[in-house]
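The values are calculated or read from the model by the stated rules, or taken from the named source; none is laboratory data. For clarity, every value in this text was computed on a predicted model and none was experimentally measured. Quick reminder, even Gly has a Cβ in these numbers, built from the backbone with ideal geometry, and neighbours come from all protein chains shown.
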Amino acid sequence: MADKKPYYITTAIAYASGVPHIGNTYEIVLADSIARFKRQQGYEVFFQTGTDEHGQKIEQKAEAKGIEPKAYVDDIAGKIKDICDHLNVTYDKFIRTTDDYHVTQMQKIFRKLYDQGDIYKSAYHGMYCTPCESFWTESQLKDGKCPDCGREVHPASEEAYFLRASKYAPRLIEHINKHPEFIQPVSRKNEMMNNFLLPGLQDLCVSRTSVKWGIPVDFDDKHTIFVWMDALTNYITGIGYDADGNKTEQYAKFWPADLHLIGKDIIRFHTIYWPIWLMALGEPLPKQVFGHPWLLQGGDKMSKSKGNVIYADDLISLFGIDAVRYFVLHEMPFDNDGVITWELVTERTNSDLANTLGNLVNRTISMTNKYFGGVVKATGAAEAVDDDLKAVVTGTRDRVAAKMDDLRVADAISEIFALFKRCNKYIDETMPWALAKDETKQDRLAEVLYNLTESIAIGAGLLKSFLPDTADKIVKQLNTEIRAYDDLDKFGLYPNGGTVTGQPEILFARIDFKEIAPKIAEIQAKQKAEYEAENGITAEAAKPEEAQGTAENDESRFIDIDPKAEITYDDFAKLQFRVGVIVKCEEVPKSKKLLCSQVKVGSRILQIVSGIKRDYSPEQMVGKHVMVLTNLKPATLAGIQSEGMLLCAEDENGELALMSPEKFMPSGAEIC
């Protein structure tokens with residue numbers, strides 16, 4: 001048998017300053033789905049993740065707790081590894097930058113680059129962002145703050161070693177131009193070229209004297225190695241790179257990496273300084289770096305102070321592992337930020353997992369048990385409608401593979417669920433319950449149920465990389481196994497005369513949000529209490545602003561407006577107000593005040609144009625439950641059709657606030 005083709009995938013190693021929330025954890029699930037799919041296709045996959053454990057922020061966190069930095073990162077690294085395990089992540093190596101072999105190689109690499117003149121000693125004068133562990137010049141700041149995270153920076157001046165990044169910049173520009181697939185999506189590539197490389201790249205400071213918690217420069221122990229170079233180098237030390245030239249067989253097989261999967265906020269280091277670091281070492285560059293978007297909480301970044309942070313273990317406790325995996329994989333667009341809220345996870349679990357998938361499997365097995373004692377039999381009693389079902393089912397594998405090749409994982413999952421939706425439509429088209437009433441249609445009924453069983457078996461095989469436990473449960477109920485990848489485009493492999501299990505198992509139970517709301521409130525209250533305790537916030541200071549009597553929230557404020565003419569109840573009854581959920585929102589081109597929202601109202605999606613751009617960003621809009629006037633005659637605004645109106649309140653300064661239900665109400669609920 002020919003050797004399998006190697007495939008090396010990495011995530012950005014998690015910074016061990018704290019336990020990551022679901023917005024950070026999303027990346028490891030995304031990488032896992034890609035790794036699993038490549039294994040399914042027959043690749044020899046090596047999947048590496050881990051923790052980044054040095055730097056000033058960790059030094060400060062450990063000091064605040066009164067413990068040594070190593071003890072602090074040991075605790076956090078253990079928790080991060082537990083999260084990976086809880087999410088059923090199949091990593092092959094979990095590296096820590098405090099591992100002895102990594103520390104040794106990092107020091108050897110630094111010395112090698114110094115000896116060959118690619119690292120030199122000088123002094124640094126500029127601005128430093130502690131959260132990002134990044135240096136900036138004044139010209140690079142955005143509104144006086146860090147251009148990466150938007151936080152405060154402070155002046156820094158110290159002796160330091162520098163990497164001759166400017167020396168390799170022309171070669172890197174040439175590489176990017178010759179390999180358009182190197183940085184993905186294209187928007188990230190354009191950002192790196194236009195903002196950093198083409199204007200002229202400066203040499204990079206790669207050591208600190210003011211940070212003690214780091215890998216020492218072994219020939220100048222006043223200095224510790226810049227945490228970013230320490231972290232990035234894990235991609236080669238973890239698979240056996242040796243600066244002395246004694247590289248392992250594993251390194252020879254898997255380097256260069258096929259994919260570095262990272263967040264869009266750290267793409268600069270991965271696509272500029274990491275390639276230059278490798279060029280200086282004489283090593284090939286990774287084949288591709290993909291900077292994925294963020295997962296935001298209700299349109300905002302997650303913050304403990306707001307009590308809106310969502311963690312993987314809390315989600316798992318309420319929804320289960322595969323429901324969480326499904327949500328974060330399916331809801332993240334390729335190039336735009338995604339949104340997560342407790343309500344959205346509930347909605348997707350009910351609509352996609354419990355209804356589209358779970359109900360399909362349950363109905364098929366139940367009907368097979370009821371009508372044929374669980375025996376699945378192909379009779380050849382085919383009709384034209386069968387051909388369309390089979391075409392959709394047998395073509396899904398290649399459509400999924402094409403999406404995965406482009407790293408469009410959400411679209412790949414949508415293709416699989418399109419298969420399941422086609423199966424549900426097939427049930428409606430063939431009406432097995434009607435066939436069962438006609439003795440002359442028994443062969444046709446058996447053929448219909450065989451086609452459904454076979455389609456579900458193929459769908460389960462495709463689902464394996466994304467929802468592994470669910471796929472296993474499905475094939476177990478069908479009394480079969482996950483099929484080989486090469487057989488997932490073939491119809492008719494389920495054994496004729498095979499038998500499904502007895503009572504079908506519920507794959508996903510429907511969730512009543514009202515029942516889990518108290519648990520969510522408990523989780524959020526605990527977060528806020530922990531945040532206040534960690535930061536020494538008193539009970540008085542922790543009160544909401546309105547409770548502290550701020551002018552902005554003073555309940556004694558009021559506004560008088562001119563009354564309109566009286567209307568009758570019949571006039572009012574003509575207006576239909578309903579609750580909607582904003583599922584997508586974009587700026588209207590060339591407009592200073594308009595946003596275009598896609599609002600789900602019941603089973604409908606309404607496109608609504610609103611003049612609220614001054615008060616809300618598109619990201620803040622997505623996920624909000626809002627009040628909608630749904631029977632307003634459509635109008636065209638700025639060339640875009642608007643099919644309703646969002647209700648807002650306006651204060652004396654013209655500031656707007658969207659109207660939302662006081663407690664959770666499902667999409668489509670009538671406002672009366």
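One residue stands out in the range 199-211 among those that are out of contact with any helix residue (DSSP H, G or I) (no Cβ under 9 Å at 6 or more places or on another chain) and in contact (Cβ under 8 Å) with a residue 40 or more places away in the chain: the one that is surrounded by the fewest Cβ atoms within 10 Å (Cβ to Cβ), namely 209.
Has the range 142-149 got at least one residue that is more than 26 Å from residue 56 (Cβ to Cβ) and touching a residue at least 24 places away in the same chain (Cβ under 8 Å)? Let's see the steps before the verdict.
From the range 142-149, those more than 26 Å from residue 56 (Cβ to Cβ) are none; that's our starting set.
No, because not a single residue in the range 142-149 is more than 26 Å from residue 56 (Cβ to Cβ) and touching a residue at least 24 places away in the same chain (Cβ under 8 Å).
Inside the range 98-133, can you point out the residues that are free of Cβ contacts under 8 Å to residues at least 24 places away in the same chain and either closer than 13 Å to residue 233 by Cβ or charged (D, E, K, R) (or both)? Let's see the steps before the verdict.
We begin by selecting, within the range 98-133, every residue free of Cβ contacts under 8 Å to residues at least 24 places away in the same chain; these are 99-100, 104, 115, 132.
Residues satisfying the conditions are 99, 100, 104, 115.
Within the range 28-77, the set of residues being surrounded by fewer than 21 Cβ atoms within 10 Å (Cβ to Cβ) and not in a helix (DSSP H, G or I) comprises 42, 43, 44, 66, 67, 68.
Among the residues here, residue 128 qualifies as surrounded by 13 or more Cβ atoms within 10 Å (Cβ to Cβ), assigned to a strand (DSSP E or B) and more than 26 Å from the chain's Cα centre (by Cα).
Filtered by the rule that a residue be among the aliphatic types (A, V, I, L, M) and surrounded by fewer than 18 Cβ atoms within 10 Å (Cβ to Cβ), the range 366-392 gives 375, 381, 382, 384, 385, 391.
Applying the criterion of being surrounded by 14 or more Cβ atoms within 10 Å (Cβ to Cβ) and of a type in the set (Val, Ile, Thr) to the residues of the range 163-198, the residue that is farthest from residue 291 (Cα to Cα) is 173.
Applying the criterion of being closer than 17 Å to residue 431 by Cα and not in a helix (DSSP H, G or I) to the residues of the range 379-421, the residue that is farthest from the chain's Cα centre (by Cα) is 381.
Within the range 464-522, work out how many residues are polar (S, T, N, Q) and in contact with a strand residue (DSSP E or B) (Cβ under 8 Å, 6 or more places away or on another chain).
From the range 464-522, those polar (S, T, N, Q) are 465, 470, 477, 479-480, 496, 499, 501, 503; that's our starting set.
Now narrow it down to the ones that are in contact with a strand residue (DSSP E or B) (Cβ under 8 Å, 6 or more places away or on another chain): 479-480, 496, 499.
Total satisfying the criteria: 4.
Please pick out the residue among 174, 152 that is assigned to a loop (DSSP other than H, G, I, E, B), at pLDDT 85 or above and within 30 Å of residue 335 (Cα to Cα). Working first, answer last.
On the way: 174 fails: assigned to a loop (DSSP other than H, G, I, E, B).
Checking each option against the conditions leaves just 152.
Residue 253 meets all of the listed conditions (1) modelled with pLDDT of 95 or more; (2) within 24 Å of residue 113 (Cα to Cα) but one, namely (2).
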